[in-house]
Amino acid sequence: PHLPRAPPPPEGPALSPEPIALYGGEAMDSAGASKAEEEVAAYQSSEAKQARLQSMLAALLDDPILADVPRKPSLADVDTLINLELGSAMRVTVVKLDNTSFDVAVLNTATLKDLKLAIRKKITEIEQGQMGHRHISWKHIWENYCLTHQSEKLIDDNSALSSYDIRNNSK
């Protein structure tokens, strides 16, 4: 028996949608790839891109010029460091009771609360680098100790650092 021929395709730039066939309950395109396979391939591609990005970031952070960038920087960390370079943020040195010190970067408009959060983040980063995760009760710390600058106790969390005359490179 002879089967009738399909009509010729329309002339001109008319586009027809790609035919979809069902195979085993899954929709498949004309190339034979199921939608689930396409999603897996897209996910694996995304995962590969993420791995390459992490590898590149690790290589960048090993550069001594970027020593002040945290190992796992957040967008806020990067933003603060950019503002530091632009002059709209300041680097403050925190000297602990044992005479060790570390630097934190905060915006010029930062409050005492912002400084405490920066200190908390820096200490957590240092602790994790040295001995893994360790719980620190910051509520206990701030209830029993306070920051000082030029022998003045810094008590009001909502006050701007500039009101205590804290500027770039202050200790």
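Can you find a residue that is touching a strand residue (DSSP E or B) at 6+ places or on another chain (Cβ under 9 Å) and among the polar types (S, T, N, Q) anywhere in region 149-160?
Yes, there is a match, as at least one residue in region 149-160 is touching a strand residue (DSSP E or B) at 6+ places or on another chain (Cβ under 9 Å) and among the polar types (S, T, N, Q).
Right, K72: outside any loop (DSSP other than H, G, I, E, B) and open to solvent by 80 Å² or more (accessible area, probe 1.4 Å) or not? Explain how you work it out, then say what you get.
Values: outside any loop (DSSP other than H, G, I, E, B): no; open to solvent by 80 Å² or more (accessible area, probe 1.4 Å): yes.
No: the conditions fail for K72.
Looking at D157 and the list (1) within 18 Å of the chain's Cα centre (by Cα); (2) at pLDDT 80 or above, which single condition is not satisfied?
Condition not satisfied by D157: (1).
Taking region 126-142 as the region of interest, how many residues are open to solvent by 60 Å² or more (accessible area, probe 1.4 Å) and either small (G, A, S) or farther than 21 Å from T111 by Cβ (or both)?
8
Return the residues of region 143-164 that are open to solvent by 80 Å² or more (accessible area, probe 1.4 Å), in a loop (DSSP other than H, G, I, E, B) and either among the polar types (S, T, N, Q) or touching a helix residue (DSSP H, G or I) at 6+ places or on another chain (Cβ under 6 Å) (or both); say none if nothing qualifies.
Residues satisfying the conditions are Q150, S151, N158.
It is to be established whether one or more residues within region 128-137 are more than 27 Å from the chain's Cα centre (by Cα) and aliphatic (A, V, I, L, M). Quick ask: steps written out before the conclusion?
Here is the first cut: in region 128-137, the residues more than 27 Å from the chain's Cα centre (by Cα) are none.
Among the residues of region 128-137, not one is more than 27 Å from the chain's Cα centre (by Cα) and aliphatic (A, V, I, L, M), which makes the answer no.
The values are calculated or read from the model by the stated rules, or taken from the named source; none is laboratory data. Predicted, not measured: the structure shown is a model, and the values here were computed from it. Backbone-built Cβ (ideal geometry, glycine too); neighbour counts: all protein chains shown. Note: accessible area is taken over every heavy atom of the protein model, side chains too, but ligands, DNA and RNA are not part of it. Shrake-Rupley method; radii C 1.70, N 1.55, O 1.52, S 1.80 Å.
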